[in-house]
Structure formats: structure tokens, C-alpha cells
Amino acid sequence: MAVLIEAIDLYKQYRKGETAVAALAGVTFAVKAGEFISLVGRSGSGKSTLLNIIGGLDSATSGQIKVRGCDLTAMDRESLALHRRNVVGMIFQSFNLIPSRTAVENVELPMVFAGASRAQRRRRAEELLDLMGLALRKHHRPAELSGGEAQRVAIARALANRPAILLADEPTGNLDSRTAVEILDLLLQLNQERRLTILMVTHDEPAAARLSHRMLHMLDGEIVQQQELRRTT
Amino acid sequence: MSLFDLLRFSLENLRRTKLRTLLTTLGVIIGIGALVSMVSFGAGLQRNVTETFAANDLFTTLRVFPVKMKIEEALSGNLAGAMDGMQQKTRALDDSALALIAAMPEVAIVFPENTFPVRVRFLGRETNTTLRCLPAAMGAYKPYDKMGWGAFFTSDSAHEVILSYYTLGQLHLSLDPAEKDSAETRRTHRHIPVDSLIGAEIEVITSVFDLGQALGLSSNGQAPFSERVTRLRIAGIRPKPHAFSSPQTEGGILAPMVTGKKIPRFVFTSMWNMLSRRNQATEGYDVLYVRLKKLSDLGPVRKRLQALNFSVFALADQFDEIRRGFLMIDMALGAVGAIALIVASLGIINTMVMSILERTREIGVMKAVGASGRQIQSIFFFEAGVIGVLGGCLGVALGWLVSRLANWIANIWMARQGGAGAEIDFFYLPIWLIVGALLFSLLVSLLAGWYPAARASRINPVEALRHD
Ligand SMILES: Nc1ncnc2c1ncn2[C@@H]1O[C@H](COP(=O)(O)OP(=O)(O)OP(=O)(O)O)[C@@H](O)[C@H]1O
Ligand SMILES: [Mg+2]
């Protein structure tokens, strides 16, 4: 299968006064299209940093990060915005929905920036919410949703512009274990049925082992172990 | 992102912070309101003066003097220098000159200036005023084509006189119905129906130089002057003057050319005048008034007259001077309004910066789902623009309201002061001012929104998402 993401000797340094913290210290790995990858490791090991760089939210200090062959480190701000808009979808531990907008309006948001017509984006947003099992929650605001529902809205929003990659930063971190399982199953379903490439940061190693094709262990900004898994499905 | 989406986004955002938006917009409304009312006052002032000029045909009026007077030197007190100019006199302003000018095709009418002080007595009341002699033909020209009551002179030698509102006021007479006048006017003035005024006789009293008394031939010890009384019939009364006109232009009384010339008088305006006075018919007049048919003829006719060695003075020149003065007033008034608007724009900047701080996380989310820096910038730019347009529209409305109110109060006040003038509009709100104010408001608010919008566009999404 084709290589979708390729990181070569990726460094990310944060300057804290005199001392420099290396959030990433030479990360090299590749992800093939359709893969489900889990990123695990201790707090502060650089998982979120890596995900943000792949998502085009952050930039690397040195090294290369190629998505579909395009080097993100060489892109200008405008191209990075297009990358975030069309190539990747991101979900977070804290959902990051806009509180003043309803579920359907939140899902429409990426399509607004993509310039879709009102009717078009409303239709797609409703379809996605139906798919997430939120047909009755379309016009609720985030405050009126449970954690699981909010994360489903966030997933629907991440899928709005049909991205090739879903980046999930501890998507179940704020959920109880039963809801967490539901969300993880949803991600698995997306990976299996839609061939969506998923990179997920998690602290739940058993779950990661159950879902993903590969588990990357990070420590102090480095990938210290790549664990091939034999996923049952 | 379509313009419609941008507009919807900014309206939604502004609605979320209603009170703050309202207060910020109120700042713009007051700023634009101040600007509009101030500038429309300046524009009104200018319009009223321009209209007075036009109503009296002053733009097409030339005054022709016999010599190239060195006016600057005369004004600076150098009389010898000014007189030096007079000695270069090459052409008298006599009847042949008058005929020459009258024959010019561009000239509508020309007549010599003949104005002198008189005393008038009517119904036992007396006042000092000036008498101006005009040809009966002037009745066809502004502003004499419109009479308040009665008619213009029937001929140049008719024993007629035309009174003005000011003169009637000086005689403590009022034509208005008593109930329209202030209590003050009612006590001091006598109300008189116009019908009994037209056709009545008025006494014009002039002083003459009595040579016999001057030489001491009669020894009653009186000054060497005696009075002569001329009785003239009141032919008409000039209309109620514009409030901006002065007694100098609208006051006094008018008499026909020939009749006026025959009124015995001793003109004693200055020593120089007394000593240099000669026979006008042969030595020439002091000033000729020339009224042109078209405004565009002013330049050529002036050149031609100057070539004939006359000195020409156009009132239009004076108007240019006045207009420059108005520009200064307009600028001063505009500056006051602009300061109010600058304060309002600081309010916009403050509101927007606050709003960006509050919405940092939201901006991070929008960037994470694919908003470009430019789109974020546009959203905030639009918010500023909406405040500008809203503030501009309501500000123009406020400015208009204030000007109407001020005008109403001013007119009431003037009526209380016993002003004889017709009701006037001090303010003028032309289309260019409305459009200009709206554009200015939009421009100022966009300028104010520029920094906050640029700041919003540069927000780092990773940091913004960590923000709470
Ligand atoms: N903006 C920043 N400025 C300075 N240091 C930072 C910044 N962001 C991250 N770091 C540092 O970089 C390192 C990696 O952070 P990162 O958020 O990627 O860790 P993580 O693996 O996601 O941890 P967690 O599991 O707690 O989310 C940490 O040491 C962190 O302190
Ligand atoms: Mg993290």
C-alpha cells in the first residue's frame, strides 16, 4: 500500500528562556494509507506535538514531514490552512466544539471555510450526524450534549471535508469507559469501512492493541519501539 | 468563504455581545452625528450666503471706477501713493463712457452709483437712512424684480420712493399682523396696513450747504446748512429680507434715477470728496454699476473694460474670498466631528481586541478545522465594517435630527429677538455629505479593525487550543 505519511528525522524544540526543550528528537516513521496507528508513551513524551505537526497546526524545527508526498515544512501559511481543511481531520480530548454553535453548525464549519454552499453543507452535516447516531441532537449546543455525543459531533466535523487522515489526540480521555469503548468502536468502523487512515494518541494500551495495526511507543521525543499487531479484524 | 457567510458570522458574533456592540456603535453614531451636524452647519452657512449672492445677481455685477486706484496703498494708509495712481487718470467715467459700456452686447444694464444719506419723516416719525438712485429699468432685474408690496418705479422721473423692511422698522412701523410679533415689538411698533402705506407721501429731508450763511451774510449764528424737504409717493415696499442680508445691502430707500439726482443735497462724506467734487456729467461719475447677462461674460468684459483704462471690481472675486473663509470654517467644524470619530475608533479597537482575547480558543478551533489566516482576518474585518455601517447610518440620522432640532430652536430664538427675516434653514445636508459620512464611517471602522483583525489572523492555533 502507498505511503501516506512520512516523517524523516523530525525535530521540534521549544525554547524556555535559556534552556531548549526537545519535544521531538529525531522522529522517523511512515504510515501507509488505511492504517490505524496508535501513539502511546508517558506524558510529555511528544505525542501531541507530533500529531499537531502532521495536522499542520504546528511546525517542525528541522527534518521533513511529508503527507501524500508534499513536504509540510516547506508550505506557507495559506497552504497549511488548505492541508488542515482538506487533508486531515482532528479530534481532541476536550472536543473543541464552538459553544455558541449547534451540533449541525459545528459540523458545517470546515465546509464554510471550504466555500461550500449553505444547502450543500447543511445536507452533508446532517448526513454525518445521522451516521454518528445523533439524528435527535442536531440542534443542540455543546453544553447540552454528553461527552460521548460531543465527541461524535467532533468526529462528524473532522470528516466533513472528506479527509484522508483522522488525527485523534486522546479522544477518550474525558469519557467514562463504556462511552470510550463506543467511540473507539466508531473509529475502528471508520477505519475498516471507509479505509480512513487514523493516528490516535492514547494512554489506553489494551484498547490500542485491540484496534490498531501498529503501536508506536514514544519516550523523550523519540519513537523507541514500533509494535506490529495482529488485529483480529 | 462567501461574503454572505462572512456577514452572517460577524452579525452572529456581534449579537453575542449585544451590550458591548451597542456601546461601541453608539460611539460611532455620536462621532458621525457630530461630524454630520457640524459640517451641515458649515454647508448651510455657505449655501445661504451663496443664495443671497445669487438672489441679488451679485455674481454678474461689476463695479467700474474711473481710475486705476491703487487700492492696496489706499488701504494701507498711503494716500499719496493712492493719489499718485489717480493722477494717471486717462479716462473719465462720463456719459460717453456710460453709453459705451451700455452698448456692449454682454451688458444687461448699466447705471451710475448715486447714494447719499437722507432723513425720512413719515407719520411724525423720523429716521436716518440712505437713498439709492436706480433706473426704472432695474425693475426687470434681480433683486428688484420682486417687490414685497406695490410696484417698482413707473419712470426715471416719477416722484416715487420704495421703502425697505429695515427702514420701516427704524420708523417703528410693522406690517405684520400684531399677533405675529413679539411683545416687545408690539409695545414699540405701530402696526399699519400695507394698503394705507402704498401711495402715501413720505418726506425726504436733505441738508444743503448755505453759502450765504457760510460767508456770514446772515448772522443768526446757525451752522451753514439748511434743510430741504422733498415729498415722494410710496410706490412699493421691498420683500422681507433674507436673514443673512444686512441693512447695508437690504436697508435704505430707493428713488428713481432722475428724481434722485434732482434732490438738493450736500454730500459730505469726506473732505476729499467735498474738494474734488465737480460736475458729474462732464467730469464723470464715481462708480458705474454694470449688470451682465451671463456669468461667463464676466472675464471677457472685465478685460475689455480694463483695456479701456477703467478699474473694475467684481463681487464674484469677493465671493471667492468668502468661500476660502468658509473652507476654513468647514475644516474647523469637520475637525471637531473627526475628533469625536477618532475617539469612537479607539472604542472599536478596544472592543475588537477584547473580543479576540475572549474568542482565542474559538479562533484556534476555526484554524484547526481549516480556516486560513486571511479568513479569520476577514471575519473580524467584517465585524468592524458592520459597526461602521450601522454607526454611519444611525449617525447620519442622529446628525440630521440634531440639525433639525437646532434649526427649530434657532428660528424660535430669532423670532423672539424680533428678527424681521423670514424663517431660514441654517443647516444643509447634501447627498455628498451623507455619502461621505457613510464612507468615512466605514473607512474609520475598517482602519480601527485592521490591527485587531491582523492580530487575530496571526494567532497560533496550538496555543489558542490550550487557551481557556
Ligand atoms: N508551547 C510549548 N512551549 C514549551 N514547551 C512545550 C510547549 N508545548 C509542549 N512543550 C513541551 O514539549 C514536550 C512534549 O509535549 P506534548 O504535549 O507533545 O506531550 P504529550 O506526549 O502530548 O503529553 P500528554 O500525554 O501529557 O499529552 C513536553 O515536555 C512539553 O512540556
Ligand atoms: Mg498530549
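Computed from the coordinates by the stated procedures, all read-outs in this text should not be read as laboratory data. Please read these numbers as outputs of a predicted model, since none were measured by experiment. Note that we place each Cβ from the backbone using ideal geometry, even for glycine, and neighbour counts take in every protein chain shown.
Data for the structure
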read-out	value
FRET efficiency, B:His159 to B:Arg187 (Cβ-Cβ, R0 35 Å, nearest 0.05)	0.50
Approximate spin-label separation B:Glu321-A:Arg123, in nm, with each point projected 7 Å along Cα-to-Cβ	7.6 nm
Inter-chain Cβ neighbour average for residues B:370-378, partner chain, 10 Å	6
GluC sites (Glu not before Pro) lying in DSSP loop within region A:1-66, provided at most 14 other Cβ fall within 10 Å	A:Glu18
Fewest-first sequence of A:Arg231, A:Arg121 by Cβ atoms within 10 Å of each Cβ	A:Arg231, A:Arg121
Whole-Hz ³J(HN,Hα) from phi, Karplus 6.51 cos²θ - 1.76 cosθ + 1.60, for region A:145-154, glycine and proline x	10, 6, x, x, 5, 4, 5, 5, 4, 4
Prolate/oblate/rounded call for the protein assembly as shown, Cα gyration tensor, a/c under 1.5 rounded	prolate
Charge dipole (debye, nearest 20) of region B:378-468; +1 at Cβ of Lys and Arg, -1 at Cβ of Asp and Glu	100 debye
Residues of type aspartates and glutamates that A:Lys12 reaches as a straight line, Cα spacing below 19 Å, ignoring anything fewer than 8 places off in the same chain	A:Asp58, A:Asp71, A:Asp76, A:Asp169, A:Asp220, A:Glu222, B:Glu463
Per-residue Cβ neighbour rank within 10 angstrom, fewest leading, A:Cys70, B:Cys133	A:Cys70, B:Cys133
Eligible aspartates and glutamates near B:Lys294 by straight Cα distance, threshold 13 Å, same-chain separation 8 or greater	B:Asp57, B:Glu106
Relative exposure of B:Leu7, B:Leu35, A:Leu57, B:Leu298, judged by other C-beta atoms within 10 Å (fewest first)	B:Leu7, B:Leu298, A:Leu57, B:Leu35
